[in-house]
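K.L.:
Quick one: this structure, given as structure tokens, is what I'll be asking you about.
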Amino acid sequence: MIVTREITLNTRGECDIIDITPDIEQELARAEVANGIVTIFVAGSTAGLTTIEFEPGVLADLQGMWQRIVPKDIAYAHDCRWGDGNGYSHVRASLQGASLTVPFSNKRLVVGTWQQIVLIDFDNRPRSRRVILQIMGE
């Protein structure tokens with residue numbers, strides 16, 4: 001069986017990191033599937049998904065890492081074409097990736113004790129984000 005769900009959330013932009021684990025678990029609880037995998041996909045070219053330990057130190061480290069490897073304050077060709085100043089957010093999102101696949105058992109995500117699923121909004125302004133879930137299993 002395949003079940004498709006959608007989570008909508010508002011972000012602050014500027015490397016906003018949001019723990020979406022409870023939202024995913026809520027959708028798993030509602031689905032008529034007990035065991036399988038869930039594919040999580042963020043629709044949009046300036047956001048990404050990953051897993052981390054969702055605590056202030058890791059959040060600061062991750063945000064700092066993005067500034068070091070894809071700085072906000074340098075020229076991007078995208079900005080010259082569109083003038084929206086978010087070229088860095090497109091590059092960061094492409095490096096991060098837009099999807100994850102996570103197993104679940106007895107309607108519970110199979111993740112580590114300190115591992116949460118997060119959405120990172122790299123854009124330079126607040127956004128409304130759509131996260132699509134494809135829940136597959138039995």
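The values are calculated or read from the model by the stated rules, or taken from the named source; none is laboratory data. Remember, it's a predicted structure, so these values are computed and weren't measured experimentally. Neighbour counts are summed over all protein chains in view; Cβ atoms, including those assigned to glycine, are modelled from backbone coordinates with ideal geometry.
K.L.:
Which condition number does MET65 fail, the rest of (1) at pLDDT 95 or above; (2) touching a helix residue (DSSP H, G or I) at 6+ places or on another chain (Cβ under 6 Å); (3) not basic (Lys, Arg) being met?
P.N.:
Every listed condition holds for MET65 apart from (2).
K.L.:
Also, I was wondering about something else. Might you check whether a residue that is of a type in the set (S, T, N, Q) and free of Cβ contacts under 8 Å to residues at least 24 places away in the same chain occurs anywhere in region 111-119?
P.N.:
So far as region 111-119 goes, yes, one or more of its residues are of a type in the set (S, T, N, Q) and free of Cβ contacts under 8 Å to residues at least 24 places away in the same chain.
K.L.:
For region 35-53: of the residues being assigned to a strand (DSSP E or B) and hydroxyl-bearing (Ser, Thr, Tyr), which is farthest from the chain's Cα centre (by Cα)?
P.N.:
Once the filter is applied, the top-ranked residue is THR39.
K.L.:
Still on this structure, please answer the following. From ARG108, ARG125, which residue is closer than 20 Å to ASN10 by Cα and either touching a residue at least 24 places away in the same chain (Cβ under 8 Å) or of a type in the set (A, V, I, L, M) (or both)?
P.N.:
Matching residue, one of ARG108, ARG125: ARG125.
K.L.:
Follow-up. Considering each residue of region 72-89, count those that are out of contact with any helix residue (DSSP H, G or I) (no Cβ under 6 Å at 6 or more places or on another chain), surrounded by 11 or more Cβ atoms within 10 Å (Cβ to Cβ) and not aromatic (Phe, Trp, Tyr), and give that number.
P.N.:
Residues flagged as out of contact with any helix residue (DSSP H, G or I) (no Cβ under 6 Å at 6 or more places or on another chain), surrounded by 11 or more Cβ atoms within 10 Å (Cβ to Cβ) and not aromatic (Phe, Trp, Tyr) within region 72-89 amount to 3.
K.L.:
Spot the failing condition for ASP123; the list is (1) part of a strand (DSSP E or B); (2) buried (at least 18 other Cβ atoms within 10 Å of the Cβ), and only one is missed.
P.N.:
(1)
K.L.:
Restricted to region 81-118, and to residues that are assigned to a helix (DSSP H, G or I) and of a type in the set (Ser, Thr, Tyr), which residue is nearest to GLU138 (Cα to Cα)?
P.N.:
SER94
Yes/no per residue for (1) β-branched (Val, Ile, Thr); (2) closer than 15 Å to VAL118 by Cβ; (3) surrounded by fewer than 11 Cβ atoms within 10 Å (Cβ to Cβ):
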residue	(1), (2), (3)
ARG5	no, no, no
ILE18	yes, yes, no
ALA34	no, no, no
ALA43	no, no, no
PRO56	no, yes, yes
MET65	no, yes, no
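K.L.:
Being in contact with a strand residue (DSSP E or B) (Cβ under 9 Å, 6 or more places away or on another chain), more than 26 Å from VAL111 (Cβ to Cβ) and either assigned to a helix (DSSP H, G or I) or not polar (S, T, N, Q) (or both) narrows it down to one residue among GLU32, GLU14; which is it?
P.N.:
The match here is GLU14.
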